[in-house]
Amino acid sequence: MKQIEANIREEIKQCQYNVCCMTLAVKEYRKRDNIYNWAVALSSFGSVTAWMINAESAMIDAIVIAISQLLFAVKPLFAFSKHVHTLNKHCYTEELLLVELLELWDLVKRKKIDEDYATNSLNALRKRLNENEFFDDDDDFEYSEELLTKAQQQATDILTAKYKISK
């Protein structure tokens, strides 16, 4: 029974780490989306303002308007909001699976279920975790090394503080 408990604990660690990665990525993509939206808004505003202030500077107006329109036209290529939606959905599911892992771990620690049932439950949860951690090919995003490092520290802190699980 100690081995199954250790296996569940390792899955909890990995699951918490994945939740942290997704959460941090959502924050990063939201920030990028906000910056991009501000750039589009300011360039649009700037083009109108430049035209209103000095109607004689047609070339400057045209350049600012062109930049504004280009930023607006290529926005779909920067799928920040799509990534936020996808990651939020997967993160929510991952958090629910983490709760199920914690419940299973508690049952095993308190010896409320037998080893076969615990093993079968863990295997079923692993399948669901693997399905949730798979992203479609068109969700073309990667975690930076900085994000991975930060997520690892955050997961360690959460696991230690909330669940008394250390490395």
Legend entry - Over the chain: Rg over Rh, Cα atoms, Kirkwood Rh: 1.24
Inset, instruction - In whole Hz, with x marking every Gly and Pro, tabulate ³J(HN,Hα) for the stretch 154-164 from phi via Karplus 6.51 cos²θ - 1.76 cosθ + 1.60, θ = phi - 60°. - result: 4, 4, 4, 4, 5, 5, 5, 6, 8, 10, 6
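Pairs to check: K27/K164; K31/K162; K127/K162; K112/K150; K82/K164; K89/K111. Give those whose C-alpha atoms are more than 31 Å from each other in this structure.
K112/K150; K82/K164; K89/K111
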Legend entry - Folded to 0 to 90 degrees: helix 115-132 orientation relative to the chain principal axis, Cα: 10 degrees
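What FRET efficiency, computed as 1/(1 + (r/R0)^6) with R0 = 22 Å and r the Cβ-Cβ distance, is obtained for Q14 and K82, rounded to the nearest 0.05? Present the calculation step by step, with values, prior to reporting the outcome.
Numbers: r = 26 Å, r/R0 = 1.16.
Calculated value: 0.30.
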Inset, instruction - Would you mind telling me which residue in Y117, Y17, Y29 has the biggest mean-square fluctuation in a Gaussian network model of the chain, where springs connect alpha carbons within a distance under 10 angstrom? - result: Y117
Legend entry - Projected label distance in nm at E145 and I67, using a 7 Å step from Cα toward the beta-carbon: 3.3 nm
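If we count other beta carbons within 10 Å of each Cβ, what is the order of D136, D114, fewest first? Each step should come with its number before you reach the end.
Working: D136 7, D114 12.
Listed from fewest to most nearby Cβ atoms, that is D136, D114.
Coordinate-derived values only; no laboratory data. The structure displayed is predicted, hence computed values, not measured ones. Positions of Cβ are backbone-derived with ideal geometry, glycine not excepted, and every protein chain shown enters the neighbour counts.
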